[in-house]
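So the structure is just underneath, and the comments pick up after that.
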Amino acid sequence: MPEYEDYDDYDERDEYDTRRADEDYGDDTYDARRTYSDSDDDFFGDELDDFDESGESDDFDESDDYGEPARRRTPGPPKARKTHKVTGAPTGSGGSGGSGEQPSAPAGGKRKRFNWKTILLTIVACALVGSLVQMVARGGFGGSLGTSGGGGGHKKSPAQEQEVRPSTKPKTIRLGNQRVPQTSGPIIVINPGLVAPGGKASVEGGGFEPKSTVDLLLKTKRSDTKGRAIRTVRTDKHGSLYTNFTMPESLGGKPGTLVAQQRGGGRSAEAELISGGAIGTARINKTVGRPGDVVSISARGFKPGEQINVFWGRTTGTPVARLRTDSSGGVGRADIRVGVAPTGQSTLVLVGQQSKTTATAPFQMLSLYPAIKSSPYALKAGQRIRLSGNRFAPNERVLVYINATSGLPAFTTQANSFGQLRDVAFDVPFGLKGRQSLTAIGDQSRAVTRSGFTVLPYSPSAEPSTFGGKAGTTLSFYCAGFAPNETVTVYAGNGSVAGRKIATFQVDGRGKAAAVGSYRITPADEGGVSFKLIGSKSGGVAKAGINYSQGQGH
């Protein structure tokens, strides 16, 4: 296969062969600028023809024909297939298959061709187009781009949940038929405890470590092991906290449990959280008030002489009042007390007993701010404490808790028609020591108030009937300051160990006893002997002793 000096020489010989083919077939219109109308002869077919003519042909054979299949063309005279005859350098008198005439340039100048660089760029462009088509078929550009702005395929992360660690159950003591915690631990209260979805409430508590971080978690069931994190708060230097939160709309009016869980400290507290035919007309003279306030209402559009049930913020349960319509099916004026409903925007609802006609009027429900106090503030176990309070919802039951705000209350009491607590008293159970928390919660309104009291220790005293004596002398004891009617045990011995039990007796209703607990002095007591008298209920300890050698007690 001959070598050509340059690309132009080869291109010239290729044009010559093309013209000779045209002459052989007698088609003087066939030249390098021909076009095809048939769709099978596409762009890539032309490129392959041009590639065959490019001159870079180490793999080309030296036959007269490349063996390409004939192309389909539009009807008309058959066209000659281009062939390349590899011969020596062209001569002026003709060449292989030539006519002996000098070839002339085709009309319009030299034909434009694609070289190997153009082919490579075309292939790369096709690959890029194919990639874009696949990308769109798989879900568009958004699904493939890793953006942080929520593009295609990006899902919003679920609400954060945290594990609720089980709290350590405190030791309890019995108060009547109920057991209450023996010591005051972490505690939280929600005010108001009756919150509508989307409403605001405050949380206050204490008993946590100072300057600690506490997470507030909301559980829909008490048995849940995980809770929805709604707030994080830091306690003050006293271990107390105060914050606000918004009742989640997703709770849908169902009750829940709020958990305050200290990070790393193992302390936690819980509090209960409770979320509330035809059309008539109703009017109310006041649009703002608290449960227990007196308002005047009027109504129209009901059945004559039927009973109307009055509700606040709901349409089920026991009505707060019952009215009777007149002959026109209306109520001219009626004075009623504002019932219990979630604080914030509420509604007065009137429902006809027979016609089921409903009438409503908007009402802004204000929060209740009850108060409670104990008297006396400090006392000993077994003594009676009295409670008083006010500003609860009228006639509602009040739950009283000691050192806790969940589970069964220590006892319950009833507010009067003015929302007051009167003549509430109980005996402080034995086992309580030091500062105690007292929480009162309205059963309907969930209004909360906190107070407390201090349990003082018993400090009894005892004296022996004699301060000395010889062996065989019998002595007894005089004591006071024990709990009323409790049993006292006497121990004899020296050192830190109580020693042996020598007597048991019972004090009177004032915690006193005289000439009780007989003891005979032995020769072993010549160096002196000490006694301990311990109350069985109060735990109070009295000490006494005699000194044989000096004949005096101490």
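The values are calculated or read from the model by the stated rules, or taken from the named source; none is laboratory data. The structure displayed is predicted, hence computed values, not measured ones. So basically every Cβ, Gly included, is an ideal-geometry build from the backbone, and we count neighbours across all protein chains shown. In case anyone asks, the SASA skips ligands and DNA or RNA and just uses the protein heavy atoms, side chains included. Shrake-Rupley method; radii C 1.70, N 1.55, O 1.52, S 1.80 Å.
The residues packed around residue 441, meaning those with a beta-carbon under 14 Å from its beta-carbon, carry a net charge of -1 if Lys and Arg are +1 and Asp and Glu are -1.
The order of 479, 126 by accessible area, most exposed first and with a 1.4 Å probe, is 126, 479. With each label modelled as a point 7 angstrom along the Cα→C-beta vector, the residue 298-residue 375 pair spans 4.6 nm. Fully extending the segment from residue 178 to residue 118 would add 12.1 nm, taking 0.36 nm per residue of separation and subtracting the current Cα-Cα distance. Counting only heavy atoms of the protein chains and using a 1.4 Å probe, residue 232 has close to 70 Å² of accessible surface.
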